[in-house]
Amino acid sequence: MILGNSMNGIALSLDRLYSEARSRSAEIEAMLTFGATPWEAIRSSVQEAVRAGMTPTINSLMVVGLVSLPGMMTGQILGGADPSEAVRYQIVVMLMIAAAVAIGCLILVGLSYKKLFNEDGALQPFVLQSKK
């Protein structure tokens with residue numbers, strides 16, 4: 001469960017990072033021209049990418065128990081466990097999932113943004129090409 005949710009969040013983050021860099025390439029190049037570092041030029045795209053990767057997990061945290069009953073909690077209750085204990089375990093599982101998604105998105109986007117720039121600090125040519 002944790003790995004599956006992390007993979008989804010990371011995939012959304014990386015997709016958003018590359019699409020943001022592609023759509024904002026003129027702005028990023030202008031910032032680089034005026035002396036910004038690659039990090040300063042791409043920072044808002046990185047923030048948007050992490051936000052996009054975390055959105056599904058945050059949405060699922062908001063509705064857990066109201067719209068859907070998680071499988072582990074339901075199984076424990078049907079198995080005769082105390083409902084408040086089952087809820088506590090489910091909270092721990094959901095927080096573990098959220099933490100794993102956040103850590104995965106932050107690490108992968110933080111490492112991947114560097115690939116958008118060449119050794120001179122300019123945007124790579126593949127970023128400037130339109131996606132087909």
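We did not get these values from a lab; they are worked out from the coordinates using the rules stated. None of the values given here were measured: they were computed from a predicted structure. Because the Cβ atoms are built from the backbone with ideal geometry, glycine has one as well, and the counts that use them run over all protein chains shown.
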Task: Relative contact order computed over the range 6-111 (Cα-Cα under 8 Å; 6+ residues apart), in percent - done: 43 percent
- [ ] Largest first and in whole Å, give the semi-axes of the range 1-113's equivalent ellipsoid, each being the square root of 5 times a Cα gyration tensor eigenvalue.
- [x] 39, 11, 10
- [ ] Just rank 60, 13, 45, 84, fewest to most, by other beta-carbon atoms within 10 angstrom.
- [x] 84, 60, 45, 13
Task: Dipole magnitude of the chain, debye to nearest 20 (Cβ charges: Lys/Arg +1, Asp/Glu -1, about Cα centre) - done: 240 debye
Open item on the list: Rounded to whole Å, give me the distance from the Cα center of the range 1-71 to that of the range 93-132.
Closed with: 8 Å
